1. In region A:256-266, how many residues are surrounded by fewer than 23 Cβ atoms within 10 Å (Cβ to Cβ), modelled with pLDDT of 90 or more and out of contact with any Gly (no Cβ under 9 Å at 6 or more places or on another chain)?
2. On the phi > 0 side of the Ramachandran plot, open to solvent by 60 Å² or more (accessible area, probe 1.4 Å) and in a loop (DSSP other than H, G, I, E, B) - does that describe any residue in region A:269-289?
3. So which helices (runs of 4 or more DSSP H) stay within region B:178-291 end to end and still have 2 or more residues that are touching a residue at least 12 places away in the same chain (Cβ under 8 Å) and more than 14 Å from chain A (Cβ to nearest Cβ)?
4. Cβ-Cβ under 8 Å, sequence separation 6+ or interchain: first residue in region B:96-115 and among the basic types (Lys, Arg), partner outside any helix (DSSP H, G or I). Which pairs?
5. I'd like the residue in region B:148-184 that is among the β-branched types (Val, Ile, Thr) and closer than 22 Å to B:Ala256 by Cα and, out of all such residues, is most open to solvent (accessible area, probe 1.4 Å).
6. I'd like to check something: does region A:112-135 contain any residue that is closer than 25 Å to A:Leu199 by Cβ, open to solvent by 30 Å² or more (accessible area, probe 1.4 Å) and away from chain B (no Cβ under 11 Å)?
7. Pairs, please: C-beta under 7 Å, at least 6 apart or cross-chain, first residue in a strand (DSSP E or B) and in region A:246-267, second charged (D, E, K, R)?
8. If you scan region A:173-204, which residues turn out to be assigned to a loop (DSSP other than H, G, I, E, B) and either surrounded by 19 or more Cβ atoms within 10 Å (Cβ to Cβ) or at positive phi (or both)?
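The values are calculated or read from the model by the stated rules, or taken from the named source; none is laboratory data. What you see is a predicted model; the values in this text were computed from it and never measured. With ideal geometry, Cβ positions are generated from the backbone for all residues, glycine too; neighbour counts draw on all protein chains shown. In case anyone asks, the SASA skips ligands and DNA or RNA and just uses the protein heavy atoms, side chains included. Shrake-Rupley method; radii C 1.70, N 1.55, O 1.52, S 1.80 Å.
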Amino acid sequence: MSQVNYTNQNGKLMSDQPKNTTPSSLSDVASKRAESKVAGTQPLGTGLEARGVHAWFDKHHALEDVSLDFSAGTVTALIGPSGCGKSTFIRTLNRMHEFIPHTSMAGQVLLDGKDIYESGIDVTKIRLQIGMVFQKPNPFPSMTIGENVLSGLKLAQLKVDNQEDLLEECLTRAGLWTEVKDRLGAHAGGLSGGQQQRLCIARALAVKPKVLLMDEPCSALDPGSTLRIEETISQLSKSMTIVIVTHNMQQAARVSDYTAFFLSDGGPGQMIEVGPTNEIFSRPRDERTENYVTGRFG
Amino acid sequence: MTTSTVQKMRPWAATPKDRFITGLSVFISAALSVLIVAATPMKGKLAYFGLFFLAWFIVDSIFVARRGGAKGVRDGLAAKVTLLGGIIVCMVVFSILWATISRGLKGLNLEFFTSNMRNASLFDPIGKGGILHAILGTLMLITIAVVISVPMGILTALYLTEIKGKAAPLIQFLVQAMSGVPSVVAGLFIYAAIILNTPLRSSAFLGGLALTILMVPTVTRTAQEVLNLVPRDLREAGLAMGATQWKTVALVVVPAARSGLITATILGVARIAGETAPLLFTVGVFDSYNFNPFKGDQGTIPTVVWRGLLGGTPESIQRAWSAILVLLIVVLIMFVAARTLGSRSSKN
């Protein structure tokens with residue numbers, strides 16, 4: 001993992017395995033995750049970088065000065081209590097923030113070194129490269145399962161030679177192929193919540209994004225479906241950069257390489273600390289992080 | 001099998017005693033209303049109806065008060081008032097339907113559907129002459145109005161819900177004001193604006209324009225409500241995949257709202273199908289076929305009804321009732337067709 005760089009408040013490289021940690025279940029899980037990750041990780045381009053990002057809703061300052069690096073091929077979990085700006089932050093990363101009326105932002109978000117907020121940039125191309133999975137499964141109700149997966153091609157007006165191959169590939173990567181291969185023509189509304197969410201992941205994958213943003217993708221799902229989605233995330237992280245917002249700290253420990261802790265003390269939300277997931281859960285540097293991950297508040 | 005030994009029960013259901021009391025209060029109220037009608041100069045079905053409810057309100061409240069107290073009486077009264085409202089509405093609807101069907105059926109025969117009134121006068125017996133010309137005329141008018149006002153109404157609704165531009169509040173206000181325009185004014189407007197100022201004379205097309213004025217606000221407001229029901233999530237899902245707003249609306253939002261948009265169209269047609277006043281200035285009346293929508297007066301079902309009732313002879317009044325029944329049937333067929341078409345294509 002030494003190829004992974006990210007900025008945090010100390011500006012220090014934090015990729016070493018923790019050595020003298022008090023054993024706790026969360027950090028154990030996170031360590032296992034970290035060990036399994038090291039073997040397969042390959043560098044995949046330069047990833048996504050947020051620099052000094054602020055966000056406002058009208059006059060309400062929701063997010064203050066967040067700088068975070070999401071290196072290619074890593075999974076970063078954003079944790080923190082409700083209202084701390086995690087979702088707002090993730091929405092600034094693919095320019096979805098601006099769809100809410102009367103919002104503003106400051107700072108830079110660099111994709112492969114290029115600012116996605118640069119004037120004159122084609123926003124649709126940005127969102128094509130930075131896909132998003134939402135909190136509630138939202139398959140398009142008027143389309144079949146197959147049409148849902150391939151809907152991005154029509155929506156973004158892309159041409160693909162072999163749609164059937166793409167369909168199978170995306171559904172396989174989302175871990176849904178075996179369950180739906182015989183009913184691709186059926187309506188998406190007939191799937192279970194967990195299947196619908198994996199369908200939404202497959203749909204997001206079909207336009208080949210470099211980065212996938214997931215805003216609490218499992219919060220509406222049962223534990224079994226959550227497990228399947230987490231397996232999917234592990235598979236996907238071999239080939240893309242993933243940022244996941246979660247309220248479930250076990251989930252953050254299970255799926256992520258890095259964890260960033262957000263907190264609002266009544267004012268704008270801030271990023272308190274970022275580091276390798278096993279360190280955040282075993283020896284956080286900030287007391288507030290420790291209080292949160294050990295369940296003393298939040 | 002433990003399940004077979006357990007008896008299903010409904011402890012919350014009314015006991016025989018409860019049911020007896022309910023029946024008793026209805027019976028007492030009915031008896032009271034009969035007695036009062038007999039003892040006083042009040043007469044007629046309406047007196048029975050009104051007195052029965054008044055008596056029932058009081059009698060049942062007394063029974064309820066014994067168990068539920070003042071709270072129970074208030075609760076029961078509120079339930080009875082809503083029930084009364086529902087019954088009155090149903091009575092109105094069913095008596096209109098009953099009057100139309102019972103009087104209209106007598107005049108229906110093959111000739112009525114297959115011929116026109118060119119060679120038949122108002123005084124000719126039923127069986128001579130028909131209203132096919134008016135059926136075709138009404139269908140032509142509805143088609144013209146739908147073709148113009150459905151795209152117009154849905155596009156306006158899309159502007160109001162999706163684009164939410166600077167003009168949205170003004171347009172919203174105008175749409176609301178337009179839905180209050182009396183239908184005769186719509187006809188007069190077309191008459192004053194077009195017939196008086198251009199060489200165009202009354203035709204199905206101008207009638208369609210007058211009906212459009214009435215139909216657009218209905219379609220717009222219904223479509224707007226339906227589009228607002230499409231979850232924000234779906235729009236964002238489309239946009240997050242790199243779609244433009246136009247693509248998202250065309251491929252995601254409108255298909256998701258499809259059956260609601262069909263309902264908007266149906267409500268719009270229902271609004272205009274029976275309009276008579278605006279047609280008098282813009283379409284005129286005609287007793288035979290006119291297949292040119294842009295030239296010449298046109299026969300329509302509402303004007304046939306209007307003239308039939310004015311004719312005053314038993315035959316012409318009979319024709320008017322039958323024509324009303326035909327209008328109801330035509331509109332019903334259109335509704336069913338739109339519903340089945342809409343649901344079929346959204347399932348496949």
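1. Residues in region A:256-266 being surrounded by fewer than 23 Cβ atoms within 10 Å (Cβ to Cβ), modelled with pLDDT of 90 or more and out of contact with any Gly (no Cβ under 9 Å at 6 or more places or on another chain): 0 in total.
2. no
3. Where helices (runs of 4 or more DSSP H) fall fully within region B:178-291 and carry at least 2 residues being touching a residue at least 12 places away in the same chain (Cβ under 8 Å) and more than 14 Å from chain A (Cβ to nearest Cβ), they are B:183-190, B:204-229, B:258-273, B:277-282.
4. B:Lys106/B:Ile126
5. Here the residue is B:Ile163.
6. The answer is no; no qualifying residue exists.
7. A:Phe261/A:Glu273; A:Phe262/A:Lys86; A:Leu263/A:Arg288
8. Answer for region A:173-204, where residues must be assigned to a loop (DSSP other than H, G, I, E, B) and either surrounded by 19 or more Cβ atoms within 10 Å (Cβ to Cβ) or at positive phi (or both): A:Ala174, A:Gly175, A:Leu176, A:Leu191.
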